[in-house]
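Below: one structure, written as structure tokens.
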Amino acid sequence: MDYRKLFTDVNRRPSAYGLDGSYRQHVAFVTGCDAGNDWGLLVGFPEWLAMKTEAEANVTWSSLVLQVAGLSTASGYPVDEEADSKAAKALFVLLDEFLSQRVGARGASNIISRYVANRQGGT
């Protein structure tokens, strides 16, 4: 399945997938897609996001998306409709960028290797 196309369509018309368009429901949908792929779809995503924020990859990817988007909150989810809409859009932009970079048989391992090198003071 082409998840870049699927996620673009979900972002464009969430109601067609039974979603209300909120960040919380988009996170649940993406998590379900990852689960349906034996947790392999988003391998490297937390590390990739962490490199964008200079954070550690030891928090959920959904929290890291909010950090990258500048929308991090204590509750872990956006607190108003405008922030929620921005978070949902940011999620799909980041997913598309990540999936376009994580190509090939070693795509995820290359991302994770870069993350580890960055944390050890490498490039």
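Data overview
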read-out: Scan of the range 95-109 for residues that are touching a residue at least 12 places away in the same chain (Cβ under 8 Å), open to solvent by less than 80 Å² (accessible area, probe 1.4 Å) and not basic (Lys, Arg), ordered by number; value: Leu95, Asp96, Phe98, Leu99, Ser100, Gly107, Ala108, Ser109
read-out: Where a residue in the range 77-94 is without any contact (Cβ under 8 Å) to a residue 24 or more places away in the chain and its partner, wherever it lies, is of a type outside the set (A, V, I, L, M, F, W, C), with Cβ under 6 Å and at least six apart; value: Val79/Thr73
read-out: Qualifying residues in the range 13-24 (those that are of a type outside the set (Lys, Arg) and closer than 13 Å to Phe92 by Cα) - the one surrounded by the fewest Cβ atoms within 10 Å (Cβ to Cβ); value: Gly21
read-out: Candidate set: the range 25-65, residues that are in a helix (DSSP H, G or I) and in contact (Cβ under 8 Å) with a residue 60 or more places away in the chain; chosen: the one surrounded by the fewest Cβ atoms within 10 Å (Cβ to Cβ); value: Met51
read-out: Residues within the range 77-86 that are surrounded by 14 or more Cβ atoms within 10 Å (Cβ to Cβ) and not polar (S, T, N, Q), tallied; value: 5
read-out: Residue in the range 87-94 that is open to solvent by 60 Å² or more (accessible area, probe 1.4 Å) and in contact with a Ser or Thr (Cβ under 6 Å, 6 or more places away or on another chain) present; value: no
read-out: Exclusive hit being among the β-branched types (Val, Ile, Thr) and farther than 19 Å from Gln101 by Cα, set Val10, Val30; value: Val10
read-out: Selection status of Val68, under 27 Å from Asn110 (Cα atoms), open to solvent by 20 Å² or more (accessible area, probe 1.4 Å) and among the hydrophobic types (A, V, I, L, M, F, W, C); value: yes
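The values are calculated or read from the model by the stated rules, or taken from the named source; none is laboratory data. What you are looking at is a predicted structure, and each value in this text was computed from that prediction instead of being measured. Here Cβ is always computed from backbone atoms with ideal geometry, including for glycine, and neighbour counts include all displayed protein chains. These accessible areas exclude ligands, DNA and RNA; they are computed on the full protein's heavy atoms, side chains included. Shrake-Rupley method; radii C 1.70, N 1.55, O 1.52, S 1.80 Å.
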